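Undergrad: What follows is a structure written as structure tokens; I'll ask about it next.
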Amino acid sequence: MVCATRTIGLWAAALTVPLLLASAAFAEDPSTDLRYSTALKAATPAELTGGGQTFRGEQGTLSLGSDSVAIGVRKVGANLFFGVDADGDGEMDRREWHGLGKDFLAAAEVKRGGRKYALKFTVLRAVAGDAGKIASVTYRANAGFAYAGRLGGTAVQIVDDNLDGKITQDGKDALVVGTARTAVPLRSVHRIGSAVYRLTVEGDGSKLTAAPLDEPLAIVKVPFRSKMMQGLVIENATGAFELTEDGDAGIPAGEYKLVYGLLGGSSQQLVLKPTKLSTAWTVKAGHENTIRVGPPLAVFFDAQLVGSDIKVSPMMEVIGSGGELYDMNFNTGRPAILLLQGAKTLVKAAMGYG
């Protein structure tokens, strides 16, 4: 086992800064009606940190709250197709099968229980069985829709991030503010535009109401160049904030934990994920706080001495100074997919930036 020195913590500058307050007045109605929209572009917590689901054979079922959707994967020649029973008739007709390209992504809009769900599917792994059939599939399903409106002149999108058919403010769903590239878990307290508010969202995603929050704020700095860091999201039980947008403007003082971060450009990205080594950060009002993530980095890998040779495993973990794991974002590149039949590889997409 080989690793580098690691330090975990948070810096708080000794020099105090002007005390910021969260109070603000609405120039407009402190509520907004929300409408179904398929214009969701931001990455969400479930999309970047969630795992995959597996079904056996060529057909499985995706749960959408109390409703379900039949899905499937087929191999025709050298091509893979992903099927979605969008109309709910129990069958996947020809129009409901979608060819998987090099990114192994498919999209479909499903109607269930009087609601619409624009969904994104990523096939992570498929294993072929006998006679050209698919033996098992591991996939990920994510929301491609949101409930959108404007609050105080700022665009907001509420995302059913866990696809359970309802909106809750316990961190399982998500909020996108303005043109942010990363969503935050939906809690009660968020910064929208120039101020911090306490939000109430209807369970069906139809309306959002806000009340200004009047308490001291803490400035929080991120130790990455702005062009590198697309988003760094922290939360506690009350609120969640994206620090590249909210940190300089100020967030409520308190103890926070890492949700996720996104580093890189449009095609080469790393996701920062919390681990058991991650610690909570306390940010103080009236101080310029700096979240401790990034270098120095620790690299963990397995190595064995075989005779006079050292064999190193290609699998490794990179852990940052805040205990965060650096993982590849397969949503913008080719996912790790291996279509196998016995010991023979039929289709293979290499892991790596592509």
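What follows draws every value from the coordinates through simple rules; no lab data is involved. Since this is a predicted model, take the numbers as computed values, not measurements. When we count neighbours, we look across all protein chains shown, and the Cβ atoms used for this are built from the backbone with ideal geometry, even at glycine.
Undergrad: Could you list which residues have their amide H under 5 Å from that of residue 180, counting only those 5 or more apart in sequence or on another chain, with H placed in the peptide plane?
TA: Placed amide hydrogens put nothing under 5 Å from residue 180.
Undergrad: Given bins 5 angstrom wide, list per bin the percent of all Cα-Cα distances in the stretch 139-196, short to long.
TA: 4, 19, 30, 26, 14, 5, 2, 1
Undergrad: Moving on to the next point. Starting from the Cα of residue 276, draw a straight line to each of the lysines and keep only those under 26 Å, dropping any in the same chain fewer than 8 residues away.
TA: The reachable lysines, counting only those whose Cα sits under 26 Å from residue 276, are 172, 221, 257, 284.
Undergrad: For every other residue with a beta carbon closer than 10 angstrom to the beta carbon of residue 159, add +1 if it is Lys or Arg and -1 if Asp or Glu, then tell me the sum. Walk me through the intermediate numbers first.
TA: Values: positive: none; negative: 47, 160, 161, 173.
Taking every Cβ under 10 Å from that of residue 159, the sum is -4.
Undergrad: Further, regarding this structure: Add +1 for every Lys or Arg and -1 for every Asp or Glu among the other residues with Cβ under 11 Å from the Cβ of residue 142, and state the total.
TA: Working: positive: 120, 140; negative: 47, 160, 161.
Taking every Cβ under 11 Å from that of residue 142, the sum is -1.
Undergrad: So, one more: Taking H placed 1.01 Å from N in the peptide plane, check which residues at least 5 places from residue 205 or on another chain put their amide H under 5 Å from its amide H.
TA: HN-HN under 5 Å from residue 205: 167.
Undergrad: List the residues whose amide H sits under 5 Å from the amide H of residue 40, counting only those 5 or more places along or on another chain, with H placed 1.01 Å from N in the peptide plane.
TA: Amide H to amide H, under 5 Å and 5 or more residues apart or across chains, residue 40 pairs with 146.
Undergrad: Shifting gears a bit: Using the Karplus curve 6.51 cos²θ - 1.76 cosθ + 1.60 with θ = phi - 60°, what ³J(HN,Hα) values do you get for each residue of the stretch 229-240, in whole Hz, with x for Gly and Pro?
TA: 8, 7, x, 9, 10, 10, 8, 9, 5, 9, x, 9
Undergrad: How big is the stretch 146-259 by Rg and Dmax over its Cα atoms, in Å?
TA: Rg then Dmax for the stretch 146-259, in Å: 13.3, 39.
Undergrad: To make sure I understand the rule: partners must be lysines, Cα under 21 Å from the Cα of residue 227, and not fewer than 8 residues away in the same chain. Which ones qualify?
TA: 41, 273
Undergrad: Per residue of the stretch 40-51, in order, report the coupling 6.51 cos²θ - 1.76 cosθ + 1.60 (Karplus, θ = phi - 60°) as ³J(HN,Hα) in whole Hz, putting x for Gly and Pro.
TA: Calculated HN-Hα couplings, in order: 5, 10, 6, 6, 10, x, 5, 5, 9, 10, x, x Hz.
Undergrad: Can you run phi through the Karplus equation (6.51, -1.76, 1.60; θ = phi - 60°) for the stretch 95-104 and list ³J(HN,Hα) in whole Hz, with x for Gly and Pro?
TA: Coupling constants for the stretch 95-104: 6, 9, 9, 10, x, 8, x, 5, 8, 6 Hz.
Undergrad: Starting from the Kirkwood Rh over alpha-carbon pairs, what translational D in µm² s⁻¹ does the stretch 218-335 have by Stokes-Einstein at 20 °C and 1.002 mPa s?
TA: Working: Rh = 15.7 Å.
The Stokes-Einstein estimate is 137 µm²/s.
Undergrad: Right, next: Give the whole-number value, in cubic angstrom per residue, of the convex hull volume spanned by the C-alpha atoms of the stretch 92-226. Kindly include the intermediate steps, with their values, before the conclusion.
TA: Numbers: hull volume 23.4 nm³, N = 135.
It comes to 173 Å³ per residue, whole-number rounded.
Undergrad: Quick one: work out Rg over Rh on the C-alpha atoms of the stretch 232-293, Rh as Kirkwood radius.
TA: Values: Rg = 12.2 Å, Rh = 12.5 Å.
Rg/Rh for the stretch 232-293 comes to 0.98.
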